[in-house]
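Peer 1: I am attaching a structure below and will ask some questions about it afterwards.
The values are calculated or read from the model by the stated rules, or taken from the named source; none is laboratory data. On a predicted model such as this, the values are computed, not experimentally measured, just so you know. Positions of Cβ are generated from backbone atoms using ideal geometry, with glycine treated the same way; all protein chains shown enter the neighbour counts.
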Amino acid sequence: MERKRGEIKELASKENPPGIFRTTMTYNEQGMLCHFIMKQGARIPMHNHTAMQVGYVIKGRVRFLQKNGPGFEAVEGMSYIFSSMEEHGAEVLEDSEVIEVFTPARPEYADN
């Protein structure tokens with residue numbers, strides 16, 4: 001499992017869940033970089049995964065939900081992190097663009 005480099009205009013995006021478009025940019029077993037376009041009103045259900053998740057909001061506004069916490073609103077220029085197995089979800093408050101890094105890589109996001 002590996003993609004050493006990727007240019008966004010040459011890579012396909014996947015919509016899942018509705019209104020969330022993910023492009024897996026580059027990855028190997030240790031880490032993965034993904035680009036997300038999120039449409040206002042889209043929701044990511046509560047979930048967890050073994051990968052630590054680090055994100056940066058390029059533009060827009062997203063409310064992140066946490067099972068064991070108050071949640072928070074992330075806006076343009078803000079970064080965030082979720083630990084391994086930390087349950088979280090999201091509500092997209094306005095059209096948004098986000099970059100996220102997962103470590104280790106999430107095999108279900110590898111575009112083969």
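Peer 1: Please pick out the residue among ILE44, ILE58 that is buried (at least 18 other Cβ atoms within 10 Å of the Cβ) and not basic (Lys, Arg). Outline the logic, then answer.
Peer 2: Values: ILE58 fails: buried (at least 18 other Cβ atoms within 10 Å of the Cβ).
From the options ILE44, ILE58, the qualifying one is ILE44.
Peer 1: Follow-up question, since we're still on this one. Can you tell me which residue is modelled with the highest pLDDT among those in segment 97-112 that are aliphatic (A, V, I, L, M) and outside any strand (DSSP E or B)? Talk me through it step by step, then tell me what you get.
Peer 2: Just the residues of segment 97-112 that are aliphatic (A, V, I, L, M), to begin with: 98-99, 101, 105, 110.
Filter once more, so that each one left must be outside any strand (DSSP E or B): 105, 110.
Details: ALA105: 96, ALA110: 91.
Looking at the filtered set, the residue picked out is ALA105.
Peer 1: Filter segment 73-96 for residues that are within 14 Å of MET46 (Cα to Cα), assigned to a strand (DSSP E or B) and not acidic (Asp, Glu) and give the result.
Peer 2: Passing the criteria: PHE82, HIS88, GLY89, ALA90, VAL92.
Peer 1: Now for a separate question. Just checking: which of the strands (runs of 3 or more DSSP E) contained wholly in segment 1-71 hold 3 or more residues that are at pLDDT 95 or above and under 17 Å from PHE102 (Cβ atoms)?
Peer 2: Values: elements: 20-27, 32-38, 43-47, 52-66.
It comes to 20-27, 32-38, 52-66.
Peer 1: For GLU108, which of the numbered conditions (1) closer than 21 Å to GLU2 by Cβ; (2) touching a residue at least 12 places away in the same chain (Cβ under 8 Å) fails to hold?
Peer 2: (2)
Peer 1: Kindly indicate which of SER79, SER13 is of a type in the set (Ser, Thr, Tyr), loosely packed, with under 13 Cβ neighbours inside 10 Å and within 15 Å of the chain's Cα centre (by Cα). Before the answer, list the steps.
Peer 2: Numbers: SER13 fails: loosely packed, with under 13 Cβ neighbours inside 10 Å.
Being of a type in the set (Ser, Thr, Tyr), loosely packed, with under 13 Cβ neighbours inside 10 Å and within 15 Å of the chain's Cα centre (by Cα) holds for just one of SER79, SER13, which is SER79.
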